[in-house]
1. In this structure, is residue 70 open to solvent by 40 Å² or more (accessible area, probe 1.4 Å), in contact (Cβ under 8 Å) with a residue 24 or more places away in the chain and in a loop (DSSP other than H, G, I, E, B)?
2. Provide a single number: the residues in segment 92-108 that are of a type outside the set (Ser, Thr, Tyr), under 12 Å from residue 44 (Cβ atoms) and either out of contact with any Gly (no Cβ under 7 Å at 6 or more places or on another chain) or part of a strand (DSSP E or B) (or both).
3. Sort through 85, 144 and tell me the only one that's surrounded by fewer than 19 Cβ atoms within 10 Å (Cβ to Cβ), assigned to a loop (DSSP other than H, G, I, E, B), out of contact with any Cys (no Cβ under 9 Å at 6 or more places or on another chain) and modelled with pLDDT of 80 or more.
4. Taking the conditions exactly as written (under 14 Å from the mean Cα position of the chain (by Cα), in contact (Cβ under 8 Å) with a residue 24 or more places away in the chain, within 30 Å of residue 136 (Cα to Cα) and open to solvent by 20 Å² or more (accessible area, probe 1.4 Å)), does residue 53 satisfy them or not?
Amino acid sequence: MHELSKNIKLILAKPAQAAGTDAVPSDVIDMQGFEGVLFVTRFGTAADGNFIKVQQGALPDLSDAVDLKGTKVVSGTSGSNEVCAIDIYKPTKRYLRLHATRGTSSTLGDIYAIQYQARKAPPVSALTGTLVIETHVSPEEGTA
């Protein structure tokens, strides 16, 4: 199996947030059984003070959370709908979360965590609601 959708675990780590300036931590992501995770979110308004970073810890509630050095990703400063992502490969602690800081009033889109390189396959996506994924191998051209 080489299809990406069959080799990842997709998690809605935090639903979209209304405009505000408060910090938004994602849910805790348990990395047991996975080599890496890609966090993805979107700031509704571009601003110098908007950024994301990743924190890790050994405790399931992340009460021992510490920032991971060099993981601060600042959103763009022009336009809107600034997508930011951080890929963490082989973290040194079991539990991770994304922490979004909104320096200027901005909405924040859903935060997704995409875990990959599962030690055991197949992983199961952890989304509430419906997840619709189709895989097409070498599809012919024509009407979709």
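1. Numbers: open to solvent by 40 Å² or more (accessible area, probe 1.4 Å): yes; in contact (Cβ under 8 Å) with a residue 24 or more places away in the chain: no; in a loop (DSSP other than H, G, I, E, B): yes.
No.
2. Here is the first cut: in segment 92-108, the residues of a type outside the set (Ser, Thr, Tyr) are 93-94, 96-100, 102-103, 108.
Restricting the remaining residues to those that are under 12 Å from residue 44 (Cβ atoms) gives 100, 102, 108.
Checking which are either out of contact with any Gly (no Cβ under 7 Å at 6 or more places or on another chain) or part of a strand (DSSP E or B) (or both) leaves us with 100, 108.
Residues flagged as of a type outside the set (Ser, Thr, Tyr), under 12 Å from residue 44 (Cβ atoms) and either out of contact with any Gly (no Cβ under 7 Å at 6 or more places or on another chain) or part of a strand (DSSP E or B) (or both) within segment 92-108 amount to 2.
3. Working: 85 fails: assigned to a loop (DSSP other than H, G, I, E, B).
Going through 85, 144 in turn, the sole match is 144.
4. Numbers: under 14 Å from the mean Cα position of the chain (by Cα): yes; in contact (Cβ under 8 Å) with a residue 24 or more places away in the chain: yes; within 30 Å of residue 136 (Cα to Cα): no; open to solvent by 20 Å² or more (accessible area, probe 1.4 Å): yes.
No.
The values are calculated or read from the model by the stated rules, or taken from the named source; none is laboratory data. Worth saying up front: this structure is predicted, and the values here are computed from it rather than measured. Quick reminder, even Gly has a Cβ in these numbers, built from the backbone with ideal geometry, and neighbours come from all protein chains shown. Note: accessible area is taken over every heavy atom of the protein model, side chains too, but ligands, DNA and RNA are not part of it. Shrake-Rupley method; radii C 1.70, N 1.55, O 1.52, S 1.80 Å.
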